Amino acid sequence: MIETTITQLLREAIVSLYGQEPAEALLQVQKTRPEFKGEYTVVVFPLLKISRKNPEQTASEIGKYIIDNSSDIIEFNVIKGFLNLSVSNQYWLRFFGEIFHESDYGFKKHTGGAPIVIEYSSPNTNKPLHLGHIRNNLLGWSVAAIAKANGMDVKKVNLVNDRGIHICKSMLAWQKWGNDSTPETTGQKGDKLVGDYYVRFDQEYKAEMAALIEKGMDPDKAKNEAPLLLEAKQMLKKWEDGDKQVRDLWLKMNGWVYDGFDVTYNRLGIDFDKIYYESDTYLLGKSLVEEGLKKGVLFKKEDGSVWCDLTAEGLDEKLLLRADGTSVYMTQDLGTAQLRYNDYHPEKLVYVVGNEQNYHFDVLKLVLKKLGKEWADAIEHLSYGMVELPQGKMKSREGTVVDADDLMDEMYQTAKITTEALGKFDDFTPEEAHKLYNMLSLGALKYFMLKVDPKKTMMFNPAESIDFTGNTGPFIQYTHARIKSVLRKADEAGISFSEVNTSISELDDKEKSLLVLLHEFPQTVNQAAISFSPAIIANYAYELAKEFNQFYHALLILKEENMHKRQLRLQLSSVTARTIKLSMQLIGVEVPERM
RNA sequence: GGUCCAGUAGCUCAGUUGGAUAGAGCAGCAGCCUUCUAAGCUGCGGGUCACAGGUUCGAGCCCUGUCUGGAUCACCA
């Protein structure tokens, strides 16, 4: 990497010129802004204390030393306190020659070490997936792909919240008002069917509450004592006791939901190495709580409920087991964390979960620590922001959620209409066209969701986000398709470009800026992996595509008369297409060969 | 009220460990299809980086305070 070389030269220059070993932090090398000549810039301001000269003089002295002592840096210019360095064409061509045949340039191989476990998705089995889940799923999948590309051993896991009071609510509603309807009899997707009964429960429950309040009951009391809620609670107890009837119903309805989820996951293109079910792990959580009670780090209240006292850490007391002995969310999470640790002994346990649960994860770590689990430090909450709609937040009970399947359908239609309007479908078979519309609509959706910094709340405007122009997935896909088209034409014309020709000594600005960008790819992957941010990759891919589009327009690749030049440009195009493809792979977006 | 997060162009977002005149896209305006794909390219207009102090050679970025918005502090998950 040339930056490393420059930093090294800079250090030597300072030692040689000023007789002092500089601190690492003082050595600042960055990319040169496009309006100046050069590719890399040394910021000399921090070095003035050592040089005891003015910025221009210091920069000139260092610049001179560097070009005198390196064959790769051939020129410098000084503007204020900035020393701009020009890297030789030979260096760039040598670098290009190295990566040209490296088909997975920028990706690292796994070098051993403990795995990193990434949990994402974590759906509840009482309602279908919506826009918020889409952000979660795409983030988790992409973060895993990026970590893998950066040489980590990644395990993708899903934790299905398949039990609890909310599940019992749908079950109860179905039992009461379902009339034995099934996905088969209704033709409805299983997760949607069950979701409808969850909504039904809520409606009936609210009606009951209102009736009780009408009769003069205290609202808080009504909330807790409405017969429907009591029934749901009883059902949960029966479930935990293993009541056969309840368990059978539960198995049946969850089965419908899983079938529905699979359809959505498949379409989204996400997958898992392992699926955990809370019904399998909550007992372990309970036993951890028992253990904690014995150790005296937890305590029991007079009603029999079990708590963890976190007031010393500045938080509240936290409930771990209800008075009736049933477990809560936290209990289950303790169990799954332990199980996952047992399974993998991972270096890191990443949870992709919305930022509304920041507090939950603080508590989870603290409780685990209290229970003596030192590995709690490996837990990392990848906290992402909510997805908001123009009309405000999504509320499932108010019907303002954007359903995942519906959204994908709509985007597919838009891709179809847009493509047909452009008249590009002529020579595609129906199968090819279908495949393309799928690629484009999913590309648009995925790119839109992932280009935003994960931790930020994002705005999703359905009307605008299906735009295919500008900074979008389809723009990048389009660029890839065009490059491939150039390469096909070159092939048809019998122009070979398989050998890198390093005999050319002249590179123009456009070619150079593409090379600089390609040079950055491995660092970009690395940085995205460290900060768990697909947005870094997405924005890089856009920059690359944009840069190429300008390049493409400025230079007629196939018309170039100089054979060496033409060959070099074809090679550059080929590597650019490959890098675009690799980048898009990391955010789960397929790129078409033509469109 | 406590804790945490955010505030950058009309809108959606970038902005690397603090570095040069704060960048894209959309929307608006003006050009470019006899040119390897116009889902593109070129140009124009658009900014008190919420506000006020501070730190320093230098602050969108760091510190303090204020304002605004959001999340959370549930025997929901």
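Confirm whether A:D273 is among the acidic types (D, E) and under 21 Å from A:G140 (Cα atoms). Give the steps one after another, and end with the answer.
Numbers: among the acidic types (D, E): yes; under 21 Å from A:G140 (Cα atoms): yes.
For A:D273, the condition - among the acidic types (D, E) and under 21 Å from A:G140 (Cα atoms) - is met.
Among the listed residues A:F299, A:F272, identify the single one that is aromatic (F, W, Y) and under 27 Å from A:L129 (Cβ atoms).
It is A:F272.
Name every residue in the stretch A:483-513 that is open to solvent by 60 Å² or more (accessible area, probe 1.4 Å) and either assigned to a helix (DSSP H, G or I) or in contact with a Leu (Cβ under 6 Å, 6 or more places away or on another chain) (or both), in order of residue number.
Across the stretch A:483-513, the qualifying residues are A:R488, A:K489, A:D491, A:E492, A:T502, A:D509, A:K510.
Could you tell me whether A:R594 is surrounded by 22 or more Cβ atoms within 10 Å (Cβ to Cβ), within 13 Å of RNA strand B (Cβ to nearest atom) and not hydroxyl-bearing (S, T, Y)?
Against the criterion (surrounded by 22 or more Cβ atoms within 10 Å (Cβ to Cβ), within 13 Å of RNA strand B (Cβ to nearest atom) and not hydroxyl-bearing (S, T, Y)), A:R594 does not qualify.
Among the residues of the stretch A:350-370, write down those that are out of contact with any Lys or Arg (no Cβ under 6 Å at 6 or more places or on another chain) and either of a type in the set (A, V, I, L, M) or away from RNA strand B (no atom under 13 Å from the Cβ) (or both).
Passing the criteria: A:V350, A:V352, A:V353, A:L364, A:K365, A:L366, A:V367, A:L368, A:K369, A:K370.
Name the one entry in A:A232, A:A226 that is within 16 Å of RNA strand B (Cβ to nearest atom) and closer than 26 Å to A:P183 by Cα. Before you say what the answer is, go through the steps one by one.
Details: A:A226 fails: closer than 26 Å to A:P183 by Cα.
Answer to the selection: A:A232.
Return the residues of the stretch A:54-78 that are without any contact (Cβ under 8 Å) to a residue 60 or more places away in the chain, under 27 Å from A:E511 (Cβ atoms), outside any loop (DSSP other than H, G, I, E, B) and not acidic (D, E); say none if nothing qualifies.
Correct list: A:G63, A:I67, A:I74, A:F76, A:N77, A:V78.
Quick check, is A:K233 basic (K, R), touching a Leu at 6+ places or on another chain (Cβ under 8 Å), in contact (Cβ under 8 Å) with a residue 24 or more places away in the chain and open to solvent by 70 Å² or more (accessible area, probe 1.4 Å)?
Considered against the rule, which asks whether it is basic (K, R), touching a Leu at 6+ places or on another chain (Cβ under 8 Å), in contact (Cβ under 8 Å) with a residue 24 or more places away in the chain and open to solvent by 70 Å² or more (accessible area, probe 1.4 Å), A:K233 comes out as no.
Restricting the search to the stretch A:54-76, which residues are open to solvent by 40 Å² or more (accessible area, probe 1.4 Å) and touching a Ser or Thr at 6+ places or on another chain (Cβ under 8 Å)?
Initial filter on the stretch A:54-76 (open to solvent by 40 Å² or more (accessible area, probe 1.4 Å)): A:54, A:56-57, A:60-61, A:64-65, A:67-69, A:71, A:74-76.
Matches in the stretch A:54-76: A:Q57, A:E61, A:Y65, A:S71, A:I74, A:E75, A:F76.
Pairs only if they're at least six apart or on different chains, beta carbon under 9 angstrom, first in the stretch A:314-328 and more than 8 Å from RNA strand B (Cβ to nearest atom), second of a type in the set (K, R) and open to solvent by 10 Å² or more (accessible area, probe 1.4 Å); list them, first residue then second.
A:L320/A:K286; A:L321/A:K286; A:L321/A:K300; A:G325/A:K237; A:G325/A:K286
For the stretch A:562-574, what are the residues that are within 16 Å of A:A481 (Cα to Cα) and crowded, with 21+ Cβ neighbours inside 10 Å?
Across the stretch A:562-574, the qualifying residues are A:L570, A:L572, A:S573.
Of all residues being under 16 Å from A:I537 (Cβ atoms) and near RNA strand B (Cβ under 6 Å from one of its atoms) in the stretch A:457-475, which is surrounded by the fewest Cβ atoms within 10 Å (Cβ to Cβ)? Just the residue, please.
A:N471
Do we find a residue being under 24 Å from A:L514 (Cβ atoms), among the aliphatic types (A, V, I, L, M) and open to solvent by 10 Å² or more (accessible area, probe 1.4 Å) anywhere in the stretch A:92-110?
Looking for residues that are under 24 Å from A:L514 (Cβ atoms), among the aliphatic types (A, V, I, L, M) and open to solvent by 10 Å² or more (accessible area, probe 1.4 Å), one finds none in the stretch A:92-110, hence no.
Give me a count of the residues in the stretch A:16-53 that are surrounded by fewer than 13 Cβ atoms within 10 Å (Cβ to Cβ) and farther than 27 Å from A:D508 by Cα.
Here the count works out to 9.
For (1) under 30 Å from A:K365 (Cβ atoms); (2) touching a helix residue (DSSP H, G or I) at 6+ places or on another chain (Cβ under 6 Å); (3) touching a residue at least 40 places away in the same chain (Cβ under 8 Å), each residue gets a yes or a no:
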{"position": "A:A226", "(1), (2), (3)": "no, yes, no"}
{"position": "A:G242", "(1), (2), (3)": "no, no, no"}
{"position": "A:G269", "(1), (2), (3)": "no, no, yes"}
{"position": "A:L283", "(1), (2), (3)": "yes, no, yes"}
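The values are calculated or read from the model by the stated rules, or taken from the named source; none is laboratory data. Just so it is clear, the model here is predicted, and its values are computed rather than measured. When we count neighbours, we look across all protein chains shown, and the Cβ atoms used for this are built from the backbone with ideal geometry, even at glycine. With ligands, DNA and RNA removed, areas are computed over all heavy atoms of the protein, side chains included. Shrake-Rupley method; radii C 1.70, N 1.55, O 1.52, S 1.80 Å.
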